[in-house]
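Q: Here it is, the structure, as structure tokens.
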């Protein structure tokens, strides 16, 4: 005979963890998407504005009733270029674009596993042999999905580092 109350407790704890995992992946997906879009916008706009600022020249510029001194006009393209470089560095280091996708996929996989588990165990007695088999299959699927997402994230970082190492060194002064 199986311990129904023990399995019911394990089910309750596991489902609470899965709900927390789903909330985490949903929040992480939104966070990564916002950072990916924000940094992409900064890079795009900065990449357009910096050359325009250079072409305006270093002289003072008067816009309506405001005159921008030449020292400021010289600094604007440099500042914009630095902002773009930093934004691109942050984007590469944190892999927001791949993190956004991978957390979204993991969220979907866990949601699908939860639905499949609910369908497979509907009407089954908690703790029965078929229920235990489905429960353990569900837990393994969720853990595998989470492990795969983490593995892909660190694999992308390692791949990026390897690409940087494989680049030939530029001669000094170039």
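The values are calculated or read from the model by the stated rules, or taken from the named source; none is laboratory data. Please read all numbers here as calculations on a predicted model, not as lab measurements. A quick note on method: Cβ atoms are made from the backbone with ideal geometry, for glycine too, and the neighbour counts reach across all protein chains shown.
Q: All but one of (1) touching a residue at least 24 places away in the same chain (Cβ under 8 Å); (2) closer than 30 Å to residue 132 by Cα hold for residue 40; state the number of the condition that does not hold.
A: (2) is the only condition that residue 40 fails.
Q: Given the structure, is residue 156 over 23 Å from residue 23 (Cβ atoms), touching a helix residue (DSSP H, G or I) at 6+ places or on another chain (Cβ under 6 Å) and part of a helix (DSSP H, G or I)?
A: Values: over 23 Å from residue 23 (Cβ atoms): yes; touching a helix residue (DSSP H, G or I) at 6+ places or on another chain (Cβ under 6 Å): yes; part of a helix (DSSP H, G or I): yes.
Taking the combined requirement at face value, the residue satisfies it.
Q: Could you list all residues from the stretch 47-67 that are more than 33 Å from the chain's Cα centre (by Cα), at pLDDT 80 or above, closer than 28 Å to residue 88 by Cβ and exposed (fewer than 14 other Cβ atoms within 10 Å of the Cβ)?
A: If the condition is that a residue be more than 33 Å from the chain's Cα centre (by Cα), at pLDDT 80 or above, closer than 28 Å to residue 88 by Cβ and exposed (fewer than 14 other Cβ atoms within 10 Å of the Cβ), then 55 is the only one that fits.
Q: Can you pull out every residue in the stretch 102-132 that is without any contact (Cβ under 8 Å) to a residue 12 or more places away in the chain and surrounded by 15 or more Cβ atoms within 10 Å (Cβ to Cβ)?
A: Of everything in the stretch 102-132, just one residue is without any contact (Cβ under 8 Å) to a residue 12 or more places away in the chain and surrounded by 15 or more Cβ atoms within 10 Å (Cβ to Cβ), namely 124.
Q: Also: Go through the stretch 86-145 and give me each residue that's closer than 27 Å to residue 161 by Cβ and not in a helix (DSSP H, G or I).
A: Answer for the stretch 86-145, where residues must be closer than 27 Å to residue 161 by Cβ and not in a helix (DSSP H, G or I): just 95.
Q: Quickly run through the stretch 68-87 and pick out the residues that are in contact with a helix residue (DSSP H, G or I) (Cβ under 8 Å, 6 or more places away or on another chain), farther than 17 Å from residue 34 by Cβ and either buried (at least 18 other Cβ atoms within 10 Å of the Cβ) or at pLDDT 90 or above (or both).
A: 76, 77, 80, 81, 83, 84 - these are the residues of the stretch 68-87 that are in contact with a helix residue (DSSP H, G or I) (Cβ under 8 Å, 6 or more places away or on another chain), farther than 17 Å from residue 34 by Cβ and either buried (at least 18 other Cβ atoms within 10 Å of the Cβ) or at pLDDT 90 or above (or both).
Q: Quick test of your reading of the structure: residue 44 fulfils all but one of (1) over 30 Å from residue 138 (Cα atoms); (2) over 30 Å from the mean Cα position of the chain (by Cα); (3) part of a helix (DSSP H, G or I). Name the failing condition by number.
A: (2)
Q: Please verify whether residue 103 is more than 30 Å from residue 3 (Cβ to Cβ) and modelled with pLDDT under 90, treating the condition exactly as stated.
A: Against the criterion (more than 30 Å from residue 3 (Cβ to Cβ) and modelled with pLDDT under 90), residue 103 does not qualify.
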